[in-house]
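Beneath this line is the structure, given in structure tokens, with notes to follow.
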Amino acid sequence: MTQRPRLQSFAAHLRYHKGNLERTISVLITWKHRQHLMHTSKQMGQGRIKDQKARDLAFAKSKHCIFCGGSVVATTVDHYPPRAVFHDNRWPEGYVFPACASCNSGSREADNWAGFLSMMDPNINQPESQFEKNLKRLKSLDQTSPGLIRESFGSTAIEKKSMARRLRMNRELGQTYADLPLVKIPVAAQKWMDVFAPKLTKALHFEHTNRIPPSNAGLQYWWFTNANQLEGNVPQIINNDFGYPSVKRANVDLSGQFNYRYQVSNNGEMGLFVIGFRFAFMIISAITFDPAVTERVIRQARAAVEAYKAYDSAPGRV
Ligand SMILES: [Zn+2]
């Protein structure tokens, strides 16, 4: 019988080794985020005022939830990407969206997963507080998807050896194959990505067009881990036509944690997004409002992306 790895052991694992994910999108951005932000109580105060302003601004843009088609009245505001992916309770200004209660709370598990996954960047040293939060997220996900921790961290030395070969990873002196910092993507990740990626796509689309995707919009996404990047399996589709918005809070650049490039059509009914979370994972997504053009656009995007090994969603999923 396989023993369930103790939290303590993979905690040490995460802490003392650099973590690469097995098969993931990697980030197009190589900017390495090492700076951990200091915040004073004064700045926190300003932050709260800013958050209230962000709420007002979100409701001013739409009275309706932007995530479920635009006919349900928004009763909450939703931070997207979720706060879980950012360090030190500092999330970017402006990314606050009107949402109904059901859309807001419906991504809780998916947000936890994305928060955990986004920290799997081998180039950063997590602050202690962040590390503890990450463990909590994992434990809570493991409760709703029992076996998750074992599945993610319980790869055998033989499995790791084969992954390491694929990724051309070398062991350090004294390191065994079992010690290699490889985390396996659990099966449940797909269902969480099926919530997270579409929600994020709709949020970013709204951010740049002020248009709410209808409930029959076509949406397709692909995601990749940093291991996919190391294997050269990430499509390079960005060109100069893509916008590159700044992502910041109080003039502090947060693009090392989350950044994206985008293209939207003039009528605001099509969008293409390339979204990176640290050097951990990446999403490419396409959305179209008009079912008549959905097939064509999705087909083009698919041709560009599917030559690569990616995790993909079902076609046309919203
Ligand atoms: Zn909704």
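Structure notes:
- Extended-chain gain in nm, criterion 0.36 nm per residue less alpha-carbon gap, residue 187 and residue 71: 38.4 nm
- Under 10 Å, Cβ to Cβ, from residue 127 - net charge with Lys/Arg +1 and Asp/Glu -1: -2
- Projected label distance in nm at residue 266 and residue 175, using a 7 Å step from Cα toward the beta-carbon: 5.3
- If the chain linking residue 136 and residue 300 were pulled fully straight, counting 0.36 nm for each residue of separation and taking away their Cα-Cα distance, it would gain 55.0 nm.
- Whether region 215-279 is rounded, prolate or oblate, judged on the alpha carbon gyration tensor where a/c under 1.5 counts as rounded: oblate
- Inter-part distance where region 163-201 and region 262-297 are each reduced to a Cα centre, Å: 25
- Using θ = phi - 60° and Karplus 6.51 cos²θ - 1.76 cosθ + 1.60, couplings along region 138-153 (whole Hz; Gly, Pro as x): 5, 4, 5, 5, 5, 6, 8, 10, x, x, 4, 5, 5, 5, 6, 10
- Karplus-derived 3J(HN,Hα) values for region 193-199, using 6.51 cos²θ - 1.76 cosθ + 1.60 with θ = phi - 60°, are 5, 5, 9, 5, 5, x, 5 Hz; glycine and proline are entered as x.
- Calculated FRET efficiency for the pair residue 158/residue 83, C-beta based, R₀ 25 Å, to 0.05: 0.05
- Sorted largest first, the spans of the alpha carbon positions of region 140-264 along the three principal axes are 53, 35, 31 Å.
- Across region 54-88, the residues whose backbone nitrogen lies under 16 Å from the label position 7 Å along the beta-carbon direction of residue 252 are 83-88.
Bear in mind these aren't lab numbers, they're just calculated from the coordinates by the rules spelled out. Remember, it's a predicted structure, so these values are computed and weren't measured experimentally. Quick reminder, even Gly has a Cβ in these numbers, built from the backbone with ideal geometry, and neighbours come from all protein chains shown.
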